[in-house]
1. Pairs needed: first member in the range 52-65, acidic (Asp, Glu); second member anywhere, in a strand (DSSP E or B); C-beta distance under 7 Å; at least 6 residues apart or different chains.
2. With under 30 Å from SER46 (Cα atoms) and surrounded by fewer than 23 Cβ atoms within 10 Å (Cβ to Cβ) as the only criterion, which of PHE274, PHE211, PHE289 stands out?
3. Could you list, in sequence order, all residues of the range 72-126 that are more than 23 Å from PRO434 (Cα to Cα) and of a type in the set (Val, Ile, Thr)?
4. Working only within the range 3-22, note down all residues that are in contact with a Pro (Cβ under 6 Å, 6 or more places away or on another chain) and at pLDDT 65 or above.
5. Does THR420 satisfy the condition of being within 14 Å of the chain's Cα centre (by Cα) and either in a helix (DSSP H, G or I) or farther than 28 Å from ASN37 by Cα (or both)?
6. Consider ASN218 against the criteria (1) in a helix (DSSP H, G or I); (2) modelled with pLDDT of 85 or more; (3) within 30 Å of ARG134 (Cα to Cα): it satisfies all of them except one. Which criterion is unmet?
7. I'm checking my understanding of the structure. Among residues of the range 468-477 that are in a loop (DSSP other than H, G, I, E, B) and surrounded by 24 or more Cβ atoms within 10 Å (Cβ to Cβ), which one is modelled with the lowest pLDDT?
8. Could you list, ordered by first residue, the pairs with Cβ atoms under 7 Å in which the first is in the range 127-138 and under 14 Å from THR44 (Cβ atoms) and the second is among the β-branched types (Val, Ile, Thr) and in a helix (DSSP H, G or I), at least 6 apart or interchain?
Amino acid sequence: MPRSKESPKGDRQTLKSMLNKMTPALFSACFITAMLNMLFGFDTTSFAGVQSIPAFERKFGTPTGDGGYGLSGSRASFMSSVAFSGKFFGTLTAPIFIELLGHRYTMWILCMISFVGIIIECTSHKVVQFVLGRIIVYYSVGLAENTSTTYQSEIVPAGVRGAIVGSIQLFIQFGQIFASGINKRFSTETKPKGWIIPVAVQAIVPVIIVFGAFLIPNAPRWLISKGRKEDAIRTLEKVRPKEDVATGVCKDEADAIEEALNNNVDKGPWIDLFKGTNLRRTTIAAMVFIFQQFTGQGFVSQYSPRFYKTVGLSENAFLYNIISGVVAWVGVLIGMPLSDLVGRRDLLIWGAVLQGIFLFSMAGIGTKSSFTTSDASGLVASVMLFNFFFAMTWAPIAYVVASEIGTASLREKTMAFTSTINVVAAFIVAFCVPYLLDDIGANIGWLFGAISFVAAIYAYFFVPEIKNRSLEELDELFENRISARKFASTQTHGAGRRVAELENRTNLHTAHY
């Protein structure tokens, strides 16, 4: 393979050119698969609030000194963290379902599993039964996370891949806002419906997905890997602009994908993730996921109501959580196009820096011996601004990087393995935060803030810029050991470049191949 050369800048992508790549069929397919991520967003925020609802505390908590009920730090830690074991196994088994059955059938399976978990939760009388239900729901979440991201990364053109795959966080946030609103409605409820309804409502999402999955086509790369090239061409003709269909671009794209896949005919074994240049790719995806969790998002998404109570702001804890969710949702909307316009790498670097600044601000204010009204406002604003910049950068882009950085023969396994790393990191945070809040309170911001600055340094030196690259191009860039800081300016050759040119065409009437 020839050595890659420095590439000229070329035409800059615009928001208009990005929108031109999205057809109604492509949008609907991506929208339906993105909805899968509401499962995770709803459950994390729902339980964050449910554990503070009087009805839930009475059912699963223990008596407190003031005559009420509450969850101890150890019980809250157990109920929050153990559920991640389900997500761990969900992410590991996702490639098996996807490789054998395709993305659509995997979606139906995970919805059925989700229903089972929700029923177990809603009928619980013991802590262990409720946790078992959460484990099953989280198993479906692990399947959903991998199914949605790998499907979207394979079906969308390179020029909008960052925005579309990054929509995972948009729907996670939407699920969180929805759950926060439900929790607010039942925040003072003492009857059993106070916790059963917030838990049961999450079944709405899999119901929609069960019917919506009929509308999405199988991913063209998966179809070609199964020897169904004609079906793949029909899928591309369905989701690409009419001009591409008329000029034969869809067939050219299928030919280029087939050529690239022929260089990676067999699905590689798991051990190949750690061999040769694949080790670098696996490490990047894993580290991005680790920093996504260790910079404090689990603390904000799962324990912010508890944190507000810890620092004496319990009166408006649920309202603050709703506002924070809306703020984060706006951040995701801004960040989605920036992923393809500005790039993944710069957003990760500056996102981590800004997260660190506001975590330090939260810690500085929260550790004061006494609070003024302005102090309280500053603390809440710091948490919300952290959430805003996290939602704009690390929250979606970690999934974008992990879903696209693996080689063709290992892409699902790369996403699955590094997702399990993400789950382990999330488990550690979920397990430790209740104890840390009890012991050090707002000082937790110093810890997560410091890690955020380390994340910025890592992104600068090790995370390559892969916007506007076809998935097939990345094989050449990694094989030639291009440094992270030269990825964006390096020119590629062969099938991978042809796929990128076909996917990134902005003037459909004048380009010829």
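The values are calculated or read from the model by the stated rules, or taken from the named source; none is laboratory data. All of these numbers come straight from a predicted model, not from anything done at the bench. Glycine gets a Cβ as well: all are built from the backbone with ideal geometry, and neighbour counts include every protein chain shown.
1. GLU57/TYR69; GLU57/GLY70
2. On inspection, the qualifying residue turns out to be PHE211.
3. Correct list: THR91, THR93, ILE96, ILE98, THR106, ILE109, ILE113, VAL116, ILE118, ILE119, ILE120, THR123.
4. So the first thing to find is which residues in the range 3-22 are in contact with a Pro (Cβ under 6 Å, 6 or more places away or on another chain), and the list is 15, 21.
Hit for the range 3-22 is LYS21, nothing else.
5. On the way: within 14 Å of the chain's Cα centre (by Cα): yes; either in a helix (DSSP H, G or I) or farther than 28 Å from ASN37 by Cα (or both): yes.
Yes, satisfied.
6. (1)
7. Of the residues in the range 468-477, the ones in a loop (DSSP other than H, G, I, E, B) are 468-470.
Pick out the ones that are also surrounded by 24 or more Cβ atoms within 10 Å (Cβ to Cβ) and you get 469-470.
Numbers: ARG469: 80, SER470: 75.
Only one residue tops the list, namely SER470.
8. VAL137/ILE118
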